[in-house]
1. Identify all residues within the stretch A:59-69 that are surrounded by fewer than 16 Cβ atoms within 10 Å (Cβ to Cβ) and either touching a Gly at 6+ places or on another chain (Cβ under 9 Å) or at pLDDT below 80 (or both); write none if there are none.
2. Regarding B:Val61, is this residue surrounded by fewer than 17 Cβ atoms within 10 Å (Cβ to Cβ) and modelled with pLDDT of 80 or more?
3. Mind telling me which of the residues B:Phe79, B:Phe94 ends up being touching a residue at least 12 places away in the same chain (Cβ under 8 Å), hydrophobic (A, V, I, L, M, F, W, C) and closer than 30 Å to A:Pro68 by Cα?
4. For the subset of the stretch B:119-145 comprising residues that are surrounded by fewer than 15 Cβ atoms within 10 Å (Cβ to Cβ) and away from chain A (no Cβ under 11 Å), which member is nearest to B:Asp155 (Cα to Cα)?
5. Anything in the stretch B:146-165 that is surrounded by 13 or more Cβ atoms within 10 Å (Cβ to Cβ), more than 14 Å from chain A (Cβ to nearest Cβ) and of a type in the set (A, V, I, L, M)? List them, or say none.
6. For the stretch B:274-338, list the strands (runs of 3 or more DSSP E) that sit wholly inside it and hold at least 2 residues that are open to solvent by 70 Å² or more (accessible area, probe 1.4 Å); which are they?
7. Output the number of residues of the stretch B:166-225 satisfying the condition of being open to solvent by 30 Å² or more (accessible area, probe 1.4 Å), modelled with pLDDT of 90 or more and in a loop (DSSP other than H, G, I, E, B).
Amino acid sequence: MASRPSLKSKPKGKGGKKATADDEDATAAATTVRLMKEWTTWTMKKAKVVAHYGFIPLVIVIGMNSEPKPSVFQLLSPV
Amino acid sequence: MGSSVSQAGAPPPHPPTYASTPPFAPAAADAADAAAAPPPKPHEEEATEEKVDYLNLPCPVPYEEIQREAFMALKPDLFEGMRFDLTKMITPYFALTHSVAMGSIEIPAQGSEVIKVPTSNYEFGANFINQRTMLMGRVSHEGRENIRVKHDITDNLSLKINAQLTSEPHYSQGMLNFDYKGKDFRSQVQFGNNGFYGANYIQSVSKNLSLGTEAFWLGQQRKSGVGVVARYDTKKMVATAQIATTGMVALSYVQKVSEKVSLASDFMYNQMTKDVTASFGYDYMLRQCRLRGKLDTNGVISSLLEERLTPGVTFQLSAELDHWKKDYKFGFGMALGE
């Protein structure tokens, strides 16, 4: 939960002025855009971490599963 | 090159017409106009131009590899200190690599003084290559990782990913490419981090000449640019010219003297920084060794020798002398299993 992007409170108009329909639509659109940006940033951060730790094991797994299938001993032996 | 362009322009009775060509026609025209001015005149021209079939032109070199012959001779993989590489082929498609390097790293310093710090590095790599897919990863003991991926989605469309990932935040980079290869053209779309977007297109206009253009946008810096390239190649020579709105001008010429010897030269000019460099190099391919050397106008002389002692064992000697900076680098290396 902590890793999720924190949502800022909606910006509210000053005083008691009531927002019109157009303002409401604009606010909703702005919120959607901001949410999309935050989601994209969060996704890219997670993808970077996953790629950093996961890519080498992925190559090894794909290599070990392709034909001809080598044995684990071949993978671990130094020569 | 000007005469070549005019030759190419004069006789086209049936210029090639393809669905994707019309949108790029103005760019190609711009490329031709720009190419007419800067490209160097080739010293050697074919005596008789045979009848050109404009509907069967060859596919051009990828845009990013326009200068690959010059790069081979003028940008060898020089190094300093000791280097040892071990490659273990587990299957014909899958290999693991171990690399150890010890030497000095140059620290950016004020003025012309060169400050070096001894350093050492170990890298582990895993490579998987088959007909449609290439996966290459290298990770160093400090957590720095290099990733290269290439996958052919169809026969004509391929996906490429390049990334450099570090443990420190905000220092990682990534680039995603889509490459499309047509009958006589290539195009590419690029997406990178920090809001980078790029696209390029290169088209064969005659048997030996291809023209290309590119555009890019760096969102974080609010900067955009346009570039054009021209490449003229025959079996014996390759000449290229490149210019961009970033103020960069690059020319190169490579002449194949014989089956074993190539001579290369290039010229780089940056209008923004008023930086200009010319380089001359050679690439000598002998039976068991390859010798490459370079001299440039910054007073740097460099050389790299790679000798195959036995199949699978390669010995490397590297030297780079920067007389103006009094910066001298020597390295020796051994590669097993490649």
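The values are calculated or read from the model by the stated rules, or taken from the named source; none is laboratory data. As the structure is a prediction and not an experimental result, all values here were calculated from the model. All Cβ positions, glycine included, derive from the backbone under ideal geometry; neighbour counts span all protein chains shown. Remember, those area values only see protein heavy atoms, side chains included, never the ligands or the DNA or RNA. Shrake-Rupley method; radii C 1.70, N 1.55, O 1.52, S 1.80 Å.
1. The answer is A:Glu67, A:Pro68, A:Lys69.
2. No; evaluated as a whole, the condition is false for this residue.
3. B:Phe94
4. The selected residue is B:Arg132.
5. Result: B:Leu159, single match.
6. In the stretch B:274-338, B:275-285, B:300-310, B:327-336 are the strands (runs of 3 or more DSSP E) which contain 2 or more residues that are open to solvent by 70 Å² or more (accessible area, probe 1.4 Å).
7. Matching residues across the stretch B:166-225 total 0.
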